[in-house]
Amino acid sequence: MLHTFIALVDNKPGVLTRIASLFRRLNINIASLTVGETERDDLSRMTIVCEAPENAAHRIRASLYKLEIVRDVDEVTRGEAVIRELALIKVAAGPPASSMSSRTHLFELANVFRARVVDLAPESLMLEMTGSASKIEGLLQVLAESHYKILEVSRTGRMAMRRGKHTSRVLKALGSKDHGDAEFPPLAADEALPNQFAEHDA
Amino acid sequence: MPKATKTNPNNAPTLTGAEILWATLVGEGVSTVFGYPGGAILPAYDALRKFPIHHVLVRHEQGAAHMADGYARASGKTGVCVATSGPGATNLVTGLATAMIDSIPVVAITGQVSSKVLGSDAFQEIDITGITLPITKHNFVATRAEDIAPMIREAFQIAQSGRPGPVLVDITKDAQQGSCVYDFEAVAPAPYRPHPMLRAETPEMVKAIELMRASTRPVILAGHGIIQSGAEREVIAFAERHNIPIATTLLGLGGIPASHPLSLGMMGMHGESWVNNAIQQSDLLLAFGMRFDDRVTGNLATYAPNAKKIHVEIDPSEINKNVKVDVALIGDLKEVLTTIAKILDERGEPRGVDVTKQWRDEIRAMKGDASVRDIINLPDNGHLYAAHVINDIWQEAKAAGRLDSTIIATDVGQHQMWEAQYFKHEATRTLITSGGLGTMGFALPAAIGAKIACPEKDVWVIAGDGGFQMTAAELSTIVQEGIHINIAVINNGFLGMVRQWQEAFYDKNYACSPILSPDFVILAGAHGIPGANVTKRAEVLPTVTKARTADTAFLINFAVEKEDGVYPMIAPGAALHEMVRRPNPLIETAED
């Protein structure tokens, strides 16, 4: 299964190597890894998504803590956290004269998926989309099945943040970790998008 | 713990980085370092004479790392080794890996090329922090004089705290040459952060106590942790209070006196049959500071099938790694056992109720068919067995009343297992051996480190003819240091354990396991170390006494039976009780 860890680590040279080296030693494949600044200058925040057996989570956390540069480790599931990814997708789309319908269709698709057109070139256009991994995969699959030629895809990998403490505690008290999204009324609009693909990113 | 310098914090002196290095080491309580100079560490060596530190010049940096390791194992203090950049640093690698896997506190100092040329493939430049990433607990690069003191102090804290381990500090040449204000107290590391997943809480302990109460066939598995935690007395008190027999791992030997009535001996691949059988038939295993290594569990699927398991361990990542446990008490063993005893006292638990008597009688009955003892009872038939030699070294130390003051450093292989079987350790920190990594060549340098840590003790090297040749250059270090170490080379003309596996699992195809050796007595003599050849059993005891009472180091070459095996043995992947017994105590070789 996929595990999502949020690690707060020292903002120093070589920290990424130490984290990556640990996963290499444990022979665990990192599905995605994002690193960035945090509200504190001396700490970086990593969201690590990895494929490992369910019972491996304890050992991964315990091993992460053994690294001197790790300050905090949290493992989150989809219900407990907002997990987002950003994707840039370049799609082949000829000049309007030759394939007007195709471009219009792309704009429509982008609209439905709440993706934005961020670059328009004579032979291609670029879409930017933020959302859960499954929604990005949804857009990619619709594009592929509609016979668009995807020229390039760049994805950031998942970033995660635990939901507000109070609501999270409520969630746990309800014991509904996996179906927890319904407990949060003010959902972002794109959360409610119809999607034919199972959500595997939790 | 660090001693404070008398420096006035408002008027701290300005020192060079090289001086700061030694001053900080002195501040951390270091009196001896093991090292080898070279270009990138020369500024540090230039400043060494100003400080009360004894430097042991090694013959190869691997020796320096093993000596620091042996020093730490014998004394419980942190060992320090020093090397230059490039090849000096890479030569430390095997020693650091040995210390890492056996959790030994070692601080390694390496020189590095100047920070201005870092990453340019300068002469003797190597990325040693990259290389040692997986074999150190942590490592540092100091590129400015200001970095040195805080990094060294943090290195000591990391090396000694929690589950100990080696830490490397790489110091560039310009950092050594630069200077800055030095204030030992001002650069104290932030307070030690215990691993956040430690959770030896009362409810867990109560669960453990309940499991103990339900048990009539318990066994304590005592590992290296009992020595590392300094919990020898607590473990014995615990065992005596509940009448629980104790099996030890290789690295736990010595933690529990072998003669203690509850002590069973070593478990695992070459453990005695009754120890492994007791574990297999137990209904409760209390694992104290051990990590269920594959060498002690055998096949995990059939390991102690009817036993509940309580794991007391300081490293949370070891819990449920190999063996699924029922209760995990994650914390320092000594503290956990002290707390459990307190809970038991508060609850007014009955003392002296002996529910395990029948169980202990059963184990005693199993001792009756101990295959490992066969060789001791063998009459002198003209053959010299390694087991005899080791048993006689033990008998000799015992007769001289030196058993508690005799440290044995072993190499790796057959002789190591025979040592574990036939030398009955009575005192803690008297066996120094590479358990996890199995590093051949470890014994001689580790013994030098141990002797320097404990000059009042008798130190024996027990090494095979193969491993001894890996680091034999350190004989010269012994002479230069003028120390008295006794060396027993168990010489069977083979890489013995390799040969035994080839015999058992590779149709006796002895590929590359016969090994030619020099005349070790002449080799020792060339270094100015006296020695003797022993070929008969009757010569063993008098020669051992001669070595022990000599004024200088002494080497004995024991020409033992060539194709002897270590038994009992559990084949890799077999269950712990499926041991292979000694086929025939009389082993005739082709020459007979």
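For this structure, a couple of remarks:
- When B:K50, A:K66 are compared by accessible surface with a 1.4 Å probe, the order from highest to lowest is B:K50, A:K66.
- Residue order for B:M440, B:M212 - accessible surface, 1.4 angstrom probe, largest first: B:M440, B:M212
- Per-bin percent of Cα-Cα distances, region B:374-587 [10 Å]: 8, 36, 38, 15, 3
- Interface area, A with B, accessible, probe 1.4 Å, both sides summed, Å² nearest 100: 1500 Å²
- Distant-in-sequence amide contacts of B:G531, defined by a placed amide H-H separation under 5 Å and a gap of 5 or more residues or a different chain, comprise B:L555.
- Net charge over other residues, Cβ less than 10 angstrom from the Cβ of B:E426 (K, R count +1; D, E count -1): +1
- The Rg/Rh ratio of the protein assembly as shown, with Rg taken over Cα atoms and Rh as the Kirkwood radius over Cα pairs, comes to 1.04.
- By DSSP, the beta bridges lying fully in the protein assembly as shown are antiparallel in about 45 percent of cases.
- Ligands, DNA and RNA left out, the accessible area of region B:14-187 computed with a 1.4 Å probe is 55% carbon and sulfur.
- Region B:202-367 shape via C-alpha gyration tensor axes, a/c threshold 1.5: rounded
- For residues of A:66-72, the mean tally of beta carbons on other chains within 10 Å: 4
- Straight-distance crosslink candidates among aspartates and glutamates, where the alpha carbon sits under 18 Å from A:K66 and sequence neighbours closer than 8 are dropped: A:D10, A:D74, A:E75, B:D102, B:E154, B:E313, B:D315, B:E318, B:D332
- Selection of trypsin sites (Lys or Arg not before Pro), region B:282-356, meeting DSSP coil and at most 10 other Cβ within 10 Å: B:R347, B:R351
- Amide H contacts of B:A200 (H built 1.01 Å from N, in plane; Pro and chain starts excluded): B:I330 sit under 5 Å, all sequence-distant by 5 or more or on other chains.
- Carbon + sulfur, % of accessible area of region B:374-587 - ligands and nucleic acids excluded, 1.4 Å: 56 percent
- Average partner coverage of B:463-473, which counts Cβ from other chains inside 10 Å: 0
- Lysine pair count for region B:435-592 with Cα-Cα distance under 28 Å and sequence separation of 8 or more or different chains is 8.
- Beta bridges by DSSP in region B:374-587, antiparallel share as percent, to the nearest 5: 10 percent
- By the helix-only formula, in which each DSSP H run with n ≥ 4 contributes -39500 (n - 2.57) and the sum is divided by residues, chain B has a 222 nm mean residue ellipticity of -10500 deg cm²/dmol.
- Per residue solvent-accessible surface (Å²) - the protein assembly as shown, probe of 1.4 Å: 42 Å²
- Burial here means at least 10 square angstrom less accessible surface with every protein chain in place than with the chain by itself, probed at 1.4 Å; in region B:295-326 the buried residues are B:D315, B:P316, B:S317, B:I319, B:K321.
- Gyration tensor verdict on chain B (Cα atoms; rounded if a/c is under 1.5, prolate if a/b is larger than b/c, oblate otherwise): oblate
- Region B:440-509: trypsin sites (Lys or Arg not before Pro) falling in loop per DSSP and having at most 12 other Cβ within 10 Å: B:K508
- For region B:431-533, GluC sites (Glu not before Pro) are listed when DSSP marks them as loop and at most 14 other Cβ atoms sit within 10 Å of their Cβ; the list is B:E456.
- Among B:L118, A:L64, the order of accessible area from largest down is B:L118, A:L64, computed with a 1.4 Å probe on protein heavy atoms.
- Antiparallel DSSP beta bridges within chain B, as percent of all bridges there, nearest 5: 10 percent
- Cα gyration tensor shape of region B:14-187, rounded if a/c is under 1.5, else prolate or oblate by comparing a/b with b/c: rounded
- Cross-link partners for B:K207 among the lysines, with Cα-Cα distance under 24 Å and sequence neighbours closer than 8 places in the same chain left out: B:K308, B:K309, B:K321, B:K324, B:K334, B:K342, B:K357.
- Average beta-carbon neighbours from other chains, 10 Å sphere, peptide A:55-65: 4
- Estimated FRET transfer efficiency when R0 is 56 angstrom, pair B:K207-B:S405 (beta carbons, to 0.05): 0.85
The values are calculated or read from the model by the stated rules, or taken from the named source; none is laboratory data. It should be emphasised that the depicted structure is a prediction, and the values quoted were computed from it without experimental measurement. Quick reminder, even Gly has a Cβ in these numbers, built from the backbone with ideal geometry, and neighbours come from all protein chains shown. Accessible surface is based on the protein model in full, side chains and every heavy atom, while ligands, DNA and RNA are left aside. Shrake-Rupley method; radii C 1.70, N 1.55, O 1.52, S 1.80 Å.
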